[in-house]
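Okay, structure first, notes after.
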Amino acid sequence: MKAEWEREPNKKSWKHAGLKCRVLRHPHFKHLCGYVQIPAEWLEKISAIIIVTLLSSIDVHDGGISFIGELKGEKGWWCGFDCAHPYDFIPAIHSDYPVPELDTVYCNMAYVTTETNFLAEQIATLKKSYHRGGKKDK
């Protein structure tokens, strides 16, 4: 019988909290990564330093935001997280070389979708709080 990561799709696209969301499987290590598109008006009105500062406050998965940039084949900037941390089960590594001392868990499509939705909700909240060149609403 195939493993869970072999039965799941390699990508998923949807909108949540008014933002574009993606889950993509890493082509080599086979773990999943979640991404949310950064609102276009942020790129027009807020400096990159402020955007990175805003995003650094976000709590998602185990390690927070691990990616900010362009996704291949997609417009705009995206931020995201990966599921390749020490206690994450990384299919291309752990299926061939299990490490019993580590209690690794595979982050499946359902989990990564939920975490990506959580990421989108946090960005949407930041989007409502900051506008017009990074000035906070009163």
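No value in this document is a laboratory result; all are computed from the given coordinates. Here the structure is a predicted model, which means the values were calculated and not measured. Positions of Cβ are backbone-derived with ideal geometry, glycine not excepted, and every protein chain shown enters the neighbour counts.
If you average the sequence gap of Cα pairs under 8 Å that are 6 or more apart and divide by the length of the chain, what percent do you get for the contact order?
Here the relative contact order equals 30 percent.
For a quick check of your reading of the filter: which trypsin sites (Lys or Arg not before Pro) in region 45-131 sit in a DSSP loop and have no more than 13 other Cβ atoms within 10 Å?
K72, K75
Checking the table K20/K128; K75/K128; K2/K75; K12/K75 against a 28 Å threshold on Cα-Cα, which pairs fail?
Table pairs above 28 Å Cα-Cα are K2/K75.
Counting only GluC sites (Glu not before Pro) that sit in a DSSP loop (anything but H, G, I, E, B) with at most 11 other Cβ atoms within 10 Å, what is the longest stretch of the chain containing none of them?
So the longest stretch without any such site is 1-69.
Taking H placed 1.01 Å from N in the peptide plane, check which residues at least 5 places from F89 or on another chain put their amide H under 5 Å from its amide H.
For F89, the qualifying residues are V105, Y106, C107.
Which one, V112, V99, H28, is farthest towards the positive end of the dipole of the chain when Lys and Arg carry +1 and Asp and Glu -1 on their Cβ?
Toward the positive end, the furthest listed residue is V112.
Evaluate E = 1/(1 + (r/R0)^6) for Y97 and K72, where r is the Cβ-Cβ distance and R0 equals 25 Å; express this FRET efficiency to the nearest 0.05.
Between Y97 and K72 the formula returns 0.30.
Under a plain spin-label model, where a point goes 7 Å from the Cα along Cα-to-Cβ, how far apart in nm are S47 and K2?
4.9
Work out how much length A17 to D62 would gain on full extension: take 0.36 nm times their residue separation and subtract the Cα-Cα distance, in nm to one decimal.
14.0 nm
About the Cα centre, and with charges only on the beta carbon of Lys, Arg (+1) and Asp, Glu (-1), how big is the dipole of the chain? Nearest 20 debye, please.
The dipole magnitude comes to about 920 debye.
Given P86, I38, A3, which one lies farthest toward the positive end of the charge dipole of region 1-122, if we put +1 on the Cβ of every Lys and Arg and -1 on the Cβ of every Asp and Glu?
With unit charges placed on the Cβ atoms, the residue in question is I38.
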